[in-house]
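The values are calculated or read from the model by the stated rules, or taken from the named source; none is laboratory data. In this text the structure is predicted, and so the values were computed from the model without any measurement. Positions of Cβ are generated from backbone atoms using ideal geometry, with glycine treated the same way; all protein chains shown enter the neighbour counts. SASA here: full protein model, heavy atoms, side chains in, ligands and nucleic acids out. Shrake-Rupley method; radii C 1.70, N 1.55, O 1.52, S 1.80 Å.
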Amino acid sequence: MDPFILLIATSAAALAPFLVRGTSRAVSLSALAASTVIFILGLFLSVPALFDAPSVSTNGLWYLDPFAALLILIVSFVQWTGTMTSVPYLKEE
């Protein structure tokens, strides 16, 4: 999987709550869905690189070694758990 897909998905997910019009519940659900998609993409990108040889993307611009894969996994997990725990608190605002 090309890391560029994760970059595009992250950018789109950052805009998703702003593009959803309606109740705060719809915004919360879009933020949770976008965060879950980013976490799953992070898993698909980082787990093979952790256990196999380092990967190079198709265009040669991206190189993913096991340490970078571990960082992607940690950051995507932290942002997912942060989104999951912040939604109930943001409903009060």
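Could you check the range 69-83 and list, in sequence order, the residues that are aliphatic (A, V, I, L, M) and surrounded by fewer than 16 Cβ atoms within 10 Å (Cβ to Cβ)? Answer for the range 69-83, where residues must be aliphatic (A, V, I, L, M) and surrounded by fewer than 16 Cβ atoms within 10 Å (Cβ to Cβ): Leu70, Leu71, Ile74, Val75, Val78.
Can we say Thr10 is under 15 Å from Phe77 (Cβ atoms) and at pLDDT below 80? The answer is yes for Thr10. Being modelled with pLDDT of 85 or more, open to solvent by less than 90 Å² (accessible area, probe 1.4 Å) and out of contact with any helix residue (DSSP H, G or I) (no Cβ under 8 Å at 6 or more places or on another chain): is that true of Thr36 here? Considered against the rule, which asks whether it is modelled with pLDDT of 85 or more, open to solvent by less than 90 Å² (accessible area, probe 1.4 Å) and out of contact with any helix residue (DSSP H, G or I) (no Cβ under 8 Å at 6 or more places or on another chain), Thr36 comes out as no. The number of residues in the range 41-93 that are more than 17 Å from Leu7 (Cα to Cα) and at pLDDT below 80 comes to 10. Inspection of the range 13-23 identifies no residue that is of a type outside the set (A, V, I, L, M, F, W, C) and at pLDDT 70 or above.
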